[in-house]
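Readers should treat all values here as calculations from the given coordinates under stated rules, not as data from a laboratory. None of the values given here were measured: they were computed from a predicted structure. All Cβ positions, even for glycine, are placed from backbone atoms using ideal geometry, and neighbour counts span all protein chains on display.
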Amino acid sequence: MTRPAAVEVLRAGALTTVQDLGRPGWAHLGVPRSGALDPAALRLANRLVGNPEHAAGLEVTLSGCTLRLTRATTVAVTGAEVTVRAGDRPGDTGRPLTVPAGTVLRIGPARRGVRSWLAVAGGIDVSPVLGSRATDTLSGLGPAPLRDGDRLPLGEPHGPPAPVDLTVCSAAESELHLMVGPGPREDWFTPTAFDRLFGTSYTVSPVSNRVGARLAGATLPRAVAGELPSEGIVLGAVQVPANGQPLIFLADHPTTGGYPVIGVVTDVTPLAQARPGTTVRFHGPQR
């Protein structure tokens with residue numbers, strides 16, 4: 001009996017997860033959206049191999065991974081600056097690569113940036129949960145992060161690869177400039193807090209992950225010192241824990257939190273490639 005086409009995981013790397021565009025519409029039940037930290041990068045990879053943009057691929061973090069493809073197919077890697085090899089052949093990020101059955105695909109460690117997105121023609125065909133195949137690292141919904149020896153089923157190809165010669169992938173920045181809108185608890189902070197938030201720089205902490213980007217820098221003093229009941233949290237919320245250091249919530253964020261939110265970052269995508277030590281500067285309306 002012929003086994004279904006699959007991606008076999010030879011080396012999972014530091015953190016490789018199945019991701020699509022997430023599961024929106026469930027926050028009222030305590031389920032965050034999750035999905036690729038850079039949706040545009042996953043959409044691009046899917047277009048390059050002929051998939052619909054919502055097809056599931058792999059999000060590969062920092063150290064790369066090694067996979068075997070059991071059928072002849074087309075793959076594409078976008079995102080971080082990495083070395084791609086299909087067997088003995090070099091490949092390029094941002095371009096479709098046709099590979100024969102049995103090919104070992106190696107995605108090397110990120111030289112710049114943090115995360116890469118791999119699309120395979122037909123998509124990763126694991127069972128959906130609440131309409132999505134995305135791994136949510138906080139709640140545990142979706143497939144578990146990949147481990148050596150895992151076997152991921154492939155769907156049937158949808159169409160031909162994109163007829164392109166080259167795509168331009170954005171480079172990771174050493175300094176990020178993030179726009180911040182008003183938060184629901186602005187009145188819990190002193191004027192000094194806003195002077196520091198918009199007037200000084202922060203750096204990305206090594207303990208950042210898909211749940212949130214922890215920052216280090218000037219503390220943000222409160223005007224209100226009491227406890228805050230748990231309330232809703234949205235993507236990009238800038239929460240300030242008791243230590244006064246801001247935390248920006250990302251794709252796997254919780255849906256409620258108990259610390260005040262001083263503002264909301266309007267686009268968190270640049271943080272997908274932010275390494276520890278990356279400088280972050282906030283910009284917002286004049287106060």
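Results, tabulated for the structure shown:
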quantity	calculated
Computed E for ASP148/THR83 - FRET, C-beta separation, R0 22 angstrom, nearest 0.05	0.60
Segment 22-158 - convex hull of the alpha-carbon atoms, volume per residue in Å³	102
Highest average packing first - 215-223, 63-71, 173-181, Cβ atoms within 10 Å	63-71, 215-223, 173-181
Relative contact order (percent, whole number), segment 59-148, Cα cutoff 8 Å, 6+ residue spacing	32
Set of segment 257-271 residues, backbone N closer than 18 Å to the point 7 Å along the Cα-Cβ line of SER201	270-271
Protection proxy ranking, peptides 247-253, 107-113, average beta carbon neighbours within 10 Å, highest first	247-253, 107-113
Virtual spin-label span in nm between ASN243 and GLU186, 7 Å along Cα→Cβ	2.8
Length-normalised contact order of segment 175-283 in % [C-alpha pairs under 8 Å, at least 6 apart]	41
Order by protection proxy (mean Cβ within 10 Å, highest first), peptides 96-104, 24-32	96-104, 24-32
In range of the label at THR269: residues from segment 38-68 whose backbone nitrogen is under 17 Å from the point 7 Å along Cα→Cβ	38-48, 53-55
Relative contact order of the chain, defined on C-alpha pairs under 8 angstrom at six or more residues apart (%)	21
Environment charge of GLY232, counting only residues whose C-beta is closer than 15 Å and scoring Lys/Arg +1, Asp/Glu -1	+1
Length released on extending from SER230 to ARG3, taking residue separation times 0.36 nm less the Cα-Cα span	76.9 nm
Within-10-Å neighbourhood charge of ARG210 [Cβ basis; K, R +1; D, E -1]	-2
Whole-percent pair-distance distribution, where bins are 10 Å wide, for the alpha carbons of segment 175-283	16, 54, 29, 2
Part-to-part distance (alpha-carbon centres) for segment 10-80 and segment 240-271, which is given in Å	23
